[in-house]
Amino acid sequence: MQIEKANHIHAALLAQGMSCRSWAISNGYKPRTVQKYVQWFAPETGRKPKRKLAIEILTKLSETIGFDLIGVKHG
């Protein structure tokens, strides 16, 4: 599955039986923080996380959905 937008990330989580909120809580993160980072750093935005927490969340999320959200090449 090609993931480009934030709603694709949500769909990938839903396909595994989780919402963004439930994933955040089960991994010890605040749901709003995870939601914000998904919106800010979805592959289509072209932004890369620089803060430790954002990198940590997106790395774990990448492992969960099976798609690299941090090292995606654009263009």
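The values are calculated or read from the model by the stated rules, or taken from the named source; none is laboratory data. Since we're looking at a predicted model, the values are computed, not measured. Backbone-built Cβ (ideal geometry, glycine too); neighbour counts: all protein chains shown. Accessible surface is based on the protein model in full, side chains and every heavy atom, while ligands, DNA and RNA are left aside. Shrake-Rupley method; radii C 1.70, N 1.55, O 1.52, S 1.80 Å.
Kindly establish whether Ile25 is open to solvent by less than 50 Å² (accessible area, probe 1.4 Å) and modelled with pLDDT of 95 or more.
Spelling it out, it is not the case that Ile25 is open to solvent by less than 50 Å² (accessible area, probe 1.4 Å) and modelled with pLDDT of 95 or more.
Go through segment 56-75 and give me each residue that's modelled with pLDDT of 95 or more, aliphatic (A, V, I, L, M) and either open to solvent by 70 Å² or more (accessible area, probe 1.4 Å) or in contact with a Lys or Arg (Cβ under 9 Å, 6 or more places away or on another chain) (or both).
Listed by number, the list is empty, since nothing qualifies.
Find the residue count for segment 43-55, including only residues that are open to solvent by 80 Å² or more (accessible area, probe 1.4 Å) and hydrophobic (A, V, I, L, M, F, W, C).
0
Could you give every pair whose Cβ atoms fall below 6 Å, whose first residue belongs to segment 36-62 and is of a type in the set (Phe, Trp, Tyr), and whose second residue is assigned to a loop (DSSP other than H, G, I, E, B) and open to solvent by less than 50 Å² (accessible area, probe 1.4 Å), counting only separations of at least 6 or pairs across chains?
Here the result reads Phe41/Pro49, each pair linking segment 36-62 to a residue that is assigned to a loop (DSSP other than H, G, I, E, B) and open to solvent by less than 50 Å² (accessible area, probe 1.4 Å).
I'd like to verify a number: residues in segment 1-22 that are among the charged types (D, E, K, R) and either at pLDDT 95 or above or out of contact with any Pro (no Cβ under 7 Å at 6 or more places or on another chain) (or both), how many?
Qualifying residue count for the region: 2.
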